[in-house]
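The values are calculated or read from the model by the stated rules, or taken from the named source; none is laboratory data. Source: prediction; values computed, not measured. So basically every Cβ, Gly included, is an ideal-geometry build from the backbone, and we count neighbours across all protein chains shown.
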Amino acid sequence: MIGNEIDRAQKKTLNNRLNEPRKFIQVILGPRQVGKTTMVLQVLQKLNVENQFYSADNVSNSNPNWIEQIWEASRLRMKTQELPEMVLVIDEIQKISNWSEVVKKQWDEDSRNSLNLKIVLLGSARLLIQDGLSESLAGRFEVIHMTHWSYGEMKEAFGFSIEQYIYFGSYPGAASLIEDELRWKNYVRNALIETTISKDILMITRVDKPALLKRLFELGCLYSGQIIAFNKLLGDLQDAGNTTTLSHYIDLLSDSGLLGRIDKYAGTTMRQRASKPKFQVYNTALWSAQQGYSFNQLQMEPKIWGRLVESTVGAHLMNAAMAESIDVYYWREKNEEVDFILKKDDELIALEVKSGKNTSAKGISAFSKLYPTKKKLLVGGDGLTIEEFLSIEPADLF
């Protein structure tokens, strides 16, 4: 599926940390099907350290004793084989209720006994994992974020052209199916979208209106790259819910790496969260798989293709925001608009995307008069090509 090996920056990070003396629990977070498990297995294969790998995928969530059992089994192996160190990996950790308290207890016991059992936890439900980390494991963990694959990674691994990346997105497991678009769309819808919603959200989070959440995801994908008021969505959804419910559901979808929101930059957090959001998929495959256009047909529709190009840039930035200390916004005042505002610490970058011949970026000029702007970037037109921009790590822009 992925060739000989995944070549991702996080792989080197994990390898380096596991070769160090036992310091912290290593927590790897990321959406489904981005290669978390594959990466860990490849690192373990090259480590000269005994290891044990377990998955909680098929374990009852009401059985927290399972963690204690596998932990104790690893301790006994170390003792009977007289091993100076061992790595214990637990995949899909969020499936076990009260997992963080159990992990804390076992980790602290090993620390008191100076047992060099190194722990790696993998999870795909970011919100639940991070809640457990902050509540129970403070000072005991390091996080490695894995995001959806970049254009450079898909090009290197599968030979994707920039047009293929824009349309088919970046799920490595689906890459071999793109010549059969119907099969590819079914795979994305059933194995990725439905599985993520049913297993990472509905099974482990209370959702009072699951049908509303699913419909919100579908509409959010349809509107990806567009600014839509929640009140308008309520009308489209034909549901008696409220904007607070929709905002919560968007947070759940975002924490699962499916669909996020980009708020308006307004200088204050309160005004930003009160603004109309711009919806943004984290992977353009999520948009394409639900549309009636084929790859060739869509390229003949310049207006729709242009929106997908902007969504591709947005996905690139949103994935960077998950892994780096970068905030992503849009800006609009009256008739002036900037597609994306990037903020890191106190520095701002204004970025406009143009897929056609129009190279006007008046919105950037208007924005920079109101706020000190470190850089003004144009992607498309006379600026950077879309391929050039997607080959740049957003953090390197600052």
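Listing for the model above:
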read-out	value
GLN26 vs. criteria surrounded by 13 or more Cβ atoms within 10 Å (Cβ to Cβ), farther than 30 Å from MET154 by Cβ, of a type in the set (S, T, N, Q) and modelled with pLDDT of 90 or more	no
Within segment 285-306, considering residues that are under 18 Å from ASN190 (Cβ atoms) and of a type in the set (S, T, N, Q), the one modelled with the highest pLDDT	SER288
Checking ALA395 against (1) hydrophobic (A, V, I, L, M, F, W, C); (2) crowded, with 19+ Cβ neighbours inside 10 Å; (3) part of a helix (DSSP H, G or I), the condition it does not meet	(2)
Hits in segment 91-123 (condition: among the hydrophobic types (A, V, I, L, M, F, W, C) and either at pLDDT below 95 or over 15 Å from GLU50 (Cα atoms) (or both))	ILE93, ILE96, TRP99, VAL102, VAL103, TRP107, LEU121, LEU122
Qualifying positions in segment 45-66 - small (Gly, Ala, Ser) and either loosely packed, with under 14 Cβ neighbours inside 10 Å or in a strand (DSSP E or B) (or both)	SER55, SER60, SER62
Test: residue in segment 127-145 that is surrounded by 20 or more Cβ atoms within 10 Å (Cβ to Cβ), among the small types (Gly, Ala, Ser) and modelled with pLDDT under 85	yes
Output for segment 163-184, where each listed residue is touching a residue at least 60 places away in the same chain (Cβ under 8 Å) and surrounded by fewer than 20 Cβ atoms within 10 Å (Cβ to Cβ)	GLU163, GLN164, GLY173, SER176, ILE178, GLU181
Helices (runs of 4 or more DSSP H) (entirely within segment 140-204) containing at least 1 residues that are closer than 18 Å to GLU218 by Cα	162-168, 181-187
Given (1) touching a helix residue (DSSP H, G or I) at 6+ places or on another chain (Cβ under 9 Å); (2) under 30 Å from TYR293 (Cβ atoms); (3) not polar (S, T, N, Q), number of the condition GLU101 does not satisfy	(2)
